[in-house]
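The values are calculated or read from the model by the stated rules, or taken from the named source; none is laboratory data. All values derive from a computational prediction rather than experimental measurement. Here the Cβ positions follow ideal geometry from the backbone for every residue, glycine too, while neighbour counts run over all protein chains shown. All accessible areas refer to the heavy atoms of the entire protein, side chains included, with ligands and DNA or RNA removed. Shrake-Rupley method; radii C 1.70, N 1.55, O 1.52, S 1.80 Å.
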Amino acid sequence: QVQLVESGGGLVQPGGSLTLSCAASGIMFSMFGMSWYRQAPGKQRDLVATIAGGGMTNYADSVKGRFTISRDNAKNTAYLQMNSLKPEDTAVYYCRTVKAGWPYWGQGIQVTVSA
């Protein structure tokens with residue numbers, strides 16, 4: 001059974017930083033790509049960043065240069081380091097993986113960027 005559990009969200013001022021974590025179980029973590037998505041109120045869920053099992057990364061244009069996705073295979077955990085946060089980064093953030101063609105999502109965690 002695949003489980004993904006996010007942590008590390010919260011309230012931060014514009015220009016601040018947060019690091020999200022996604023702890024995975026039920027998969028051979030090092031072999032699976034991991035992704036972060038976000039969904040703002042009234043908007044669709046959008047891809048933020050991905051990291052392949054081998055470590056190759058990809059980012060949405062809106063977060064390039066500000067966000068960094070990484071992984072620690074020994075801890076079965078993926079991370080999203082978010083710097084220079086803007087109010088428009090406010091959203092519920094989800095981690096996701098795909099196993100046997102089926103997507104698995106975490107429960108989501110709120111990130112609010114506000115003065």
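Worth pointing out:
- Carbon/sulfur fraction of accessible area - the chain, other protein chains in place, 1.4 Å, %: 52 percent
- Partner lysines for Lys86 [C-alpha distance under 18 Å; skip if fewer than 8 residues away on the same chain]: Lys43, Lys64
- Excluding ligands, DNA and RNA, the accessible surface per residue across the chain is 53 Å² with a 1.4 Å probe.
- Region 53-115 - Kirkwood radius from inverse mean 1/r over Cα pairs (Å): 13.5 Å
- DSSP bridge orientation in the chain - percent antiparallel, rounded to nearest 5: 95 percent
- Full-extension gain in nm, Asn83 to Ala115, via 0.36 nm per residue minus C-alpha separation: 10.0 nm
- Among 99-106, 14-21, 34-41, the peptide with the highest mean count of other Cβ atoms within 10 Å heads the list, and the full ranking is 34-41, 14-21, 99-106.
- Globularity ratio of the chain, using Cα Rg and 2.2 N^0.38 Å: 1.00
- Each of the peptides 70-81, 50-61 was scored by the mean count of other Cβ atoms within 10 Å over its residues; in descending order, highest first, they stand as 70-81, 50-61.
- Under the simplified labelling scheme, the Ser70-Ala52 pair shows an inter-label distance of 2.1 nm, with each label point 7 Å from Cα along Cα→Cβ.
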